[in-house]
Amino acid sequence: MIPAELKTARLYRDPPENDITPREILELRKRLGLSQEQFSERIGASVDTLKSWETGRRHPSGTARKTLRDLAAMICEKSPSTCT
């Protein structure tokens, strides 16, 4: 059995260096003018997963991280003034 403090530590671990941050995910969704439900459907994630990414409890990995990074890059390319 895993002690509670280890479970908590794993949930709130630091994101990998190349990860998209919770703030970036939230800002990306807002730039698109989408609700959590709409955005999660479009990227193929559950609403609960998106919420955990936006709050930093979990971090997207693999395909989800690439999808979010590609989407952010596309938006910045089309509208640089909206990107920081």
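The values are calculated or read from the model by the stated rules, or taken from the named source; none is laboratory data. Not measured: the values here are computed from a predicted model. As a convention, Cβ positions derive from the backbone with ideal geometry for all residues, glycine included, and neighbour counts pool all protein chains shown.
Key figures
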{"item": "Residues satisfying the stated conditions in the range 42-60, i.e. of a type outside the set (S, T, N, Q) and within 24 Å of Cys83 (Cβ to Cβ)", "result": "Arg42, Ile43, Gly44, Ala45, Leu50, Lys51, Trp53, Glu54, Gly56, His59, Pro60"}
{"item": "Some residue of the range 4-25 being aromatic (Phe, Trp, Tyr) and modelled with pLDDT of 95 or more", "result": "no"}
{"item": "Contacts under 8 angstrom Cβ, first residue in the range 71-83 being under 15 Å from Arg29 (Cβ atoms), partner surrounded by 10 or more Cβ atoms within 10 Å (Cβ to Cβ) and modelled with pLDDT under 80, 6 or more apart", "result": "Ala72/Cys83; Ile75/Thr82; Ile75/Cys83; Cys76/Thr82; Cys76/Cys83"}
{"item": "Cross-chain or 6+ apart pairs with Cβ under 9 Å, the range 45-57 first and under 15 Å from Glu24 (Cβ atoms) and at pLDDT 95 or above, then acidic (Asp, Glu) and in a helix (DSSP H, G or I)", "result": "Leu50/Glu37"}
{"item": "Answer residue from the range 29-48, given it is part of a helix (DSSP H, G or I) and among the aliphatic types (A, V, I, L, M) and is farthest from Glu77 (Cα to Cα) among those", "result": "Val47"}
{"item": "Filter result (under 19 Å from Asp19 (Cβ atoms) and of a type in the set (S, T, N, Q)) within the range 47-82", "result": "Thr49, Ser52, Thr55, Ser61, Thr63, Thr67"}
{"item": "Selection within the range 35-63 - surrounded by 14 or more Cβ atoms within 10 Å (Cβ to Cβ), small (Gly, Ala, Ser) and in contact with a helix residue (DSSP H, G or I) (Cβ under 7 Å, 6 or more places away or on another chain)", "result": "Ser40, Ala45, Gly56"}
